[in-house]
1. Sort out which residues of the range 165-200 are charged (D, E, K, R) and closer than 27 Å to residue 15 by Cα, and write them in order of number.
2. Between 136, 150, which is surrounded by fewer than 16 Cβ atoms within 10 Å (Cβ to Cβ), closer than 20 Å to residue 212 by Cβ and at pLDDT 95 or above?
3. Kindly indicate whether residue 66 is under 24 Å from residue 117 (Cα atoms) and either assigned by TED's automatic domain parsing to the domain that holds residue 188 or out of contact with any strand residue (DSSP E or B) (no Cβ under 6 Å at 6 or more places or on another chain) (or both).
4. What are the residues in the range 191-219 that are modelled with pLDDT under 95 and exposed (fewer than 14 other Cβ atoms within 10 Å of the Cβ), if any?
5. Tell me, please, whether a residue that is modelled with pLDDT of 95 or more, part of a strand (DSSP E or B) and not polar (S, T, N, Q) can be found in the range 226-237.
6. I'm told residue 213 meets every condition in (1) of a type outside the set (S, T, N, Q); (2) more than 28 Å from residue 303 (Cα to Cα); (3) under 20 Å from the mean Cα position of the chain (by Cα) except one. Can you identify the failing condition by its number?
7. In the range 274-290, how many residues are more than 14 Å from the chain's Cα centre (by Cα) and crowded, with 19+ Cβ neighbours inside 10 Å?
Amino acid sequence: MSVSVGINGFGRFSLHLLSWWLDRREQASFSIDFINDDVLGAARALEIINSDPYVRFDDYRVELAGDTLRIKSRDGRTHAIRYSNEAPADIPWLGRPRVMMECSGKLAEAARSRAFLSGDTKLVLISATSWDADTTLVYGFNHQSFDAETHRVISYGSCTVNGYVPLAAWVNQRFGVIDSDVHVVHNIVRHRLDAHQTLLRKDCTLERSGPMLLDFIDQAKNFAVVYSIVPWDGVSMIDYRFRLQKPETRDGVIAALRQATAAGGALAGLYGLEAGDVGPQAHNCTPYSAVFIEEGLKVRGDNVYLQAYFDTENSVNRYFDLAAYLAQKLDA
């Protein structure tokens, strides 16, 4: 039996998540049965599902019947999702799903999300960095440390946390890391483009959360993140630099990455590796946290520079993986 899940917040993240789950629901250990959004009514949510140019539901027919989204796949199977348009405290189905996915971006403080823990709801999974969550679990890095007794409100990190942390842990294990920095060129969602017509530098939660998860980097000593917002709604870029304790040639680094990202490798399923750079849009809705470009990889002395693309909107791939793992553990 699938673990019943409810989503609070139907923005871009949840739109991707619904599509990702529908395409994998036969193998998923959880079922999205409820959605609430305090701004978008059911009719507007349906319009977005049926018209979004980026997140496609072409293999499904989605209709609205009262307060229920009815989703029919090409093979005739149907799935019903109860939809509500209320403030979080007034959600009519509170306490019914085993897991609440807090995806609104408004309740990243664990103290606020903890209010969802009532009735049958045993776990809240926040789709953002949360400094006071019981724990941050990054799939492919520390997700197996989940403890159902003490971890009730969990953060999955962020798109940048998932893009950096498992990679950095592998680099440190394989070569040793002396210091590291990251440059993120982050997109803007389409409906906000008109308000952002220039470049913008911002702080990134990775700069603080990375050292909290990895004991070999320190924000004050050997780690930095440069985070730039650009007026662009496509796939984002992330560039990494690692100074290695055990330097390696360019060919040696590429060989190690190929092995790690191949089936059965330490980074398999988490990261992709492409020989050439064909541009960002080839990586729309990628299943990977980031896709490395071999031709952009450089070695300068003991420094390795990695060029990668990552679809920040579709970091739901790791959120989905984490949710599926947690649901299995809850149902064990």
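1. If we filter the range 165-200 for residues that are charged (D, E, K, R), which is where we start, we get 174, 179, 181, 190, 192, 194.
Of everything in the range 165-200, those that are charged (D, E, K, R) and closer than 27 Å to residue 15 by Cα turn out to be 190, 192, 194.
2. Working: 136 fails: surrounded by fewer than 16 Cβ atoms within 10 Å (Cβ to Cβ).
The conditions single out 150.
3. Numbers: under 24 Å from residue 117 (Cα atoms): no; either assigned by TED's automatic domain parsing to the domain that holds residue 188 or out of contact with any strand residue (DSSP E or B) (no Cβ under 6 Å at 6 or more places or on another chain) (or both): yes.
Answer is no for this residue.
4. 191, 192, 193, 194, 195, 197, 198, 199, 200, 201, 202, 203 - these are the residues of the range 191-219 that are modelled with pLDDT under 95 and exposed (fewer than 14 other Cβ atoms within 10 Å of the Cβ).
5. Within the range 226-237, the subset modelled with pLDDT of 95 or more is 226, 237.
Remaining after also requiring part of a strand (DSSP E or B): 226, 237.
If we keep only those that are not polar (S, T, N, Q) too, we end up with 226, 237.
Yes, the range 226-237 contains a residue that is modelled with pLDDT of 95 or more, part of a strand (DSSP E or B) and not polar (S, T, N, Q).
6. So residue 213 meets the others, but not (2).
7. 1
The rows are residues; the columns are (1) surrounded by 15 or more Cβ atoms within 10 Å (Cβ to Cβ); (2) touching a Gly at 6+ places or on another chain (Cβ under 6 Å).
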{"residue": "228", "(1), (2)": "yes, no"}
{"residue": "235", "(1), (2)": "yes, no"}
{"residue": "239", "(1), (2)": "yes, no"}
{"residue": "242", "(1), (2)": "yes, no"}
{"residue": "246", "(1), (2)": "no, yes"}
{"residue": "252", "(1), (2)": "no, no"}
{"residue": "262", "(1), (2)": "no, no"}
{"residue": "268", "(1), (2)": "no, no"}
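The values are calculated or read from the model by the stated rules, or taken from the named source; none is laboratory data. Being a predicted model, the structure only gives us computed values, none of them experimental. As a convention, Cβ positions derive from the backbone with ideal geometry for all residues, glycine included, and neighbour counts pool all protein chains shown.
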